[in-house]
Amino acid sequence: AAWVEETREGIDSGRFPVRAFNDQAVYDLEQERLFSKTWCFLAHESEIPHPGDYVTRYIGNNNLIVARDEHGKIHANLNMCRHRGNVMCKAEMGNASHFRCSYHGWTYKNSGELVGVPYMKEGYEGRLKRKDWGLVRVRVDSYEGLVFGCLDPEAPPLDEYLGGFQFYLDLYLKHGLGGVEVHGPPDHWIADTDWKICTENFAGDGYHTPVAHQWGFHLGYFPSSGSTHSQGWAVSIPGKGHGIGLGHGPNFPPFGGFPDDLVAEMKQSLSPEQVEVFSRTRTAVGSVFPNLSFLMQPFSLEPGEIGVRFVTMRLYHPVGPGRMEMYSWCLVPKNASQEYKKEAYRAYTLAFGQAGTFEQDDFENWTKVTQAAGMTMVRDVDFPYIMGMDSAPDPEFPGPGHAVVPYVNDTNFRNLWSRWADYLAGEV
Ligand code: FES
Ligand code: FE
């Protein structure tokens, strides 16, 4: 508790402890106080479009079945049989109207209700009420196709939790009147990296881009060029932890990389303020607190061309101190042509996902950071978060939140860590 209090004071003066990124006690506290209270991303609706479709996902260390019932409603239930605790669903995706336990045969609807109990009459003699023994339910809510779950029945609703960040989420999600859909299942893999390093990086680390990813700029695959990351804005939602970096730069047409018909549709589905922000944005990299991120990036399949804009969505599921399971999706506009979707997916796989080159640039660094954070000598060492300590918000910026210039800035990160510390202190 004293450590959390010291950490909070440190954040206010632009310092954050190294050990937070690889420490058993911090990990345990996150499980107990953070992942049990925040809204956590579960799935995109397009991953489970039909009745009976399901995926298995996690909130903290809790494995959940996220399923669409026969009426089209999405439910999340703990993936544990209420009889003796067996895992109900062993596949990570599929379609089923019911789940039958492989131990004693209790059977549940995909909505979680218990409907079948072997030897009900002979064994339980009327003492077991099926309605009392359904799967353990998790609160579910959604925004623009993003399905979130929350373990805390008292937590405020998702809208309030997002707290205005929806404005920026729309830049990734309202691509044409049909919105976006996932292109294939997510890549997922285990990495010796702390989840927070990724959340921070995607909350607007424009600082690393021209260094860690310099090859891509040199070869001409990224028409945003390395230097645009120092321009544009870093925007955070104070008190909520969410943040986005909006890379900006000259000589790039507004909406460049999206087909014209989709741009026309986007102008209808976005507000004038959103259109203004979007038209000035080349790259957008943002994190929803605690562990969901998005990146929109122009990519030239032929060096020198404008090319396509791909969107990746990523989830950092913590599986131990300094260890996580990474989920990476490609999002494409639903109304785009098959050809555009294929190109966007190709660009995405070249840059992100398990074999993506950007991904490997990042994880090479993140894994080393995590190793370092586990060393005994760093117990009392801090990192500096003092960029933009005194930056005033840009009064001209048309979007909500606290927007500062330039994009290379620590303001979003101080906001992120202070939200994180509020949870660890038990104050949320
Ligand atoms: Fe599932 Fe017994 S553990 S029926
Ligand atoms: Fe990166």
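Quick one: order 280, 84 by neighbouring beta-carbon count within 10 Å, fewest to most.
Fewest-to-most Cβ neighbours within 10 Å comes out as 84, 280.
Spin-label model, residue 95/residue 364: points 7 Å from Cα along the beta carbon direction are separated by 4.3 nm.
Separation of the stretch 248-294 and the stretch 90-131, taken as the distance between their Cα centroids, equals 47 angstrom. Taking other C-beta atoms within 10 Å as the exposure proxy, 137, 57 rank 137, 57 from fewest upward. Cysteines of the chain lacking any other cysteine Cβ under 4.7 Å from their own Cβ: 40, 89, 150, 198, 330. Considering helices alone, the calculated mean residue ellipticity of the chain at 222 nm is -7500 deg cm²/dmol, with DSSP H runs of length four and up weighted by -39500 (n - 2.57) and normalised per residue. Label positions at residue 102 and residue 131, each projected 7 Å from the Cα along the C-beta direction, are separated by 3.3 nm.
For the chain, the longest principal axis of the Cα atoms and the long axis of helix 2-12 meet at an angle of about 30 degrees.
Once C-alpha pairs closer than 8 Å and six or more residues apart are averaged by separation and normalised to the residue number of the chain, the relative contact order reads 22 percent. Just checking the listed ones, 370, 38, 107: in the Gaussian network model of the chain with Cα springs under 10 Å, the one fluctuating most is 107. Full extension of the chain between residue 339 and residue 119 yields a length gain of 73.7 nm, computed as 0.36 nm times the residue separation minus the alpha carbon distance.
For the Cα atoms of the chain, what angle does the longest principal axis make with the long axis of helix 338-351, in degrees from 0 to 90, nearest 10? The helix 338-351 is inclined about 80 degrees to the chain. Which distance in Å, rounded to a whole number, links the C-alpha centroids of the stretch 299-313 and the stretch 138-172? First find each Cα centre; the distance between them is then 29 Å.
The simple spin-label model puts a point 7 Å past each Cα toward its Cβ; for residue 141 and residue 389 those points are separated by 3.7 nm. Computed from the C-beta positions of residue 273 and residue 159 and an R0 of 22 Å, the FRET efficiency is 0.75 to the nearest 0.05. Among 427, 30, the order by Cβ neighbours within 10 angstrom, fewest to most, reads 427, 30. In order along the stretch 280-297, the phi-based Karplus estimate (6.51 cos²θ - 1.76 cosθ + 1.60, θ = phi - 60°) of 3J(HN,Hα) comes to 9, 10, 8, 10, 9, 10, x, 10, 8, 4, x, 9, 10, 9, 9, 9, 10, 9 Hz; Gly and Pro are listed as x.
Read-outs: derived from the displayed coordinates by stated rules, not from any lab. These numbers come from a predicted model, not from an experiment. Cβ atoms come from the backbone with ideal geometry, glycine included; neighbour counts cover every protein chain shown.
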